[in-house]
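Heads up, the thing below is written out as structure tokens.
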Amino acid sequence: MTNSRPVVGVYPGSFDPVTRGHEDVARRTLRVCDRLVVAVAESSSQSKHHLFDVPERLEIMREVFADEPRIECVSFSGLLVDFARTTGARFIVRGLRAVADFEYEFQMAQMNRELYDGVETIFLVPDLGYSFLSASLVREVAALGGDVSSFVSPPVLERLRRHLS
Ligand code: ADP
């Protein structure tokens, strides 16, 4: 980037597990920032339907993004805007798959702006092939013995196999 201060983005989510759709969004985001913090929300592990706990999700994500030194994977608790502020992030990135994502994402972005106006939310669309893909669908299909190898990277596949066997 032309600015002397590095542009940092935060990509928050549950990432349970990280899918090729998440990967696509994260790698595309690197086109508009110097460094990307992919952040697992601790609160998401309180959901009854989670598969991997947060440390395991992070371990998997660090393997998946091992080739990309500009991506850092961490977890956070509390408000996303507080995390973004302390990280010094210029923006929060979220993925938009279909119209169905829009309303929730729009509300979240407006609320986050009310809470803290110092960070922008940007939305990226994934490659067409991933626009139907969700982590919950991957969990469901994998639990039923379906082949999810085209939806997740090998480290994820390996953990899914171990976890579900
Ligand atoms: P959350 O519980 O916050 O929705 P997820 O891990 O499911 O967490 O998703 C994190 C972000 O990644 C969200 O912005 C979501 O819309 C986006 N995302 C998830 N799957 C895809 C995909 N296949 N393509 C593009 N964006 C996606």
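The values are calculated or read from the model by the stated rules, or taken from the named source; none is laboratory data. Because the structure is a prediction, the values reported are computed rather than measured. Positions of Cβ are generated from backbone atoms using ideal geometry, with glycine treated the same way; all protein chains shown enter the neighbour counts.
What the table shows:
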quantity	calculated
Checking Gln107 against (1) polar (S, T, N, Q); (2) surrounded by 12 or more Cβ atoms within 10 Å (Cβ to Cβ); (3) modelled with pLDDT of 95 or more, the condition it does not meet	(2)
Cβ-Cβ under 9 Å pairs, at least 6 apart or on other chains, segment 19-35 side in contact (Cβ under 8 Å) with a residue 24 or more places away in the chain and polar (S, T, N, Q), far side buried (at least 17 other Cβ atoms within 10 Å of the Cβ) and assigned to a loop (DSSP other than H, G, I, E, B)	Thr19/Leu133; Thr19/Val148; Thr19/Phe151; Thr19/Val152; Thr19/Ser153
Residue check, Val74 modelled with pLDDT of 95 or more, under 11 Å from the mean Cα position of the chain (by Cα), near the ligand (Cβ under 10 Å from one of its atoms) and among the hydrophobic types (A, V, I, L, M, F, W, C)	no
Selected residue (criterion: farthest from the ligand (Cβ to nearest atom)) from residues of segment 90-137 that are β-branched (Val, Ile, Thr) and either in contact (Cβ under 8 Å) with a residue 24 or more places away in the chain or closer than 19 Å to Val40 by Cβ (or both)	Val119
Positions within segment 138-150 being touching a residue at least 12 places away in the same chain (Cβ under 8 Å) and under 18 Å from His50 (Cβ atoms), in sequence order	Val138, Arg139, Ala142, Ala143, Val148
In segment 14-42, residue surrounded by the fewest Cβ atoms within 10 Å (Cβ to Cβ) [restricted to those that are over 22 Å from Phe132 (Cβ atoms) and out of contact with any helix residue (DSSP H, G or I) (no Cβ under 8 Å at 6 or more places or on another chain)]	Arg31
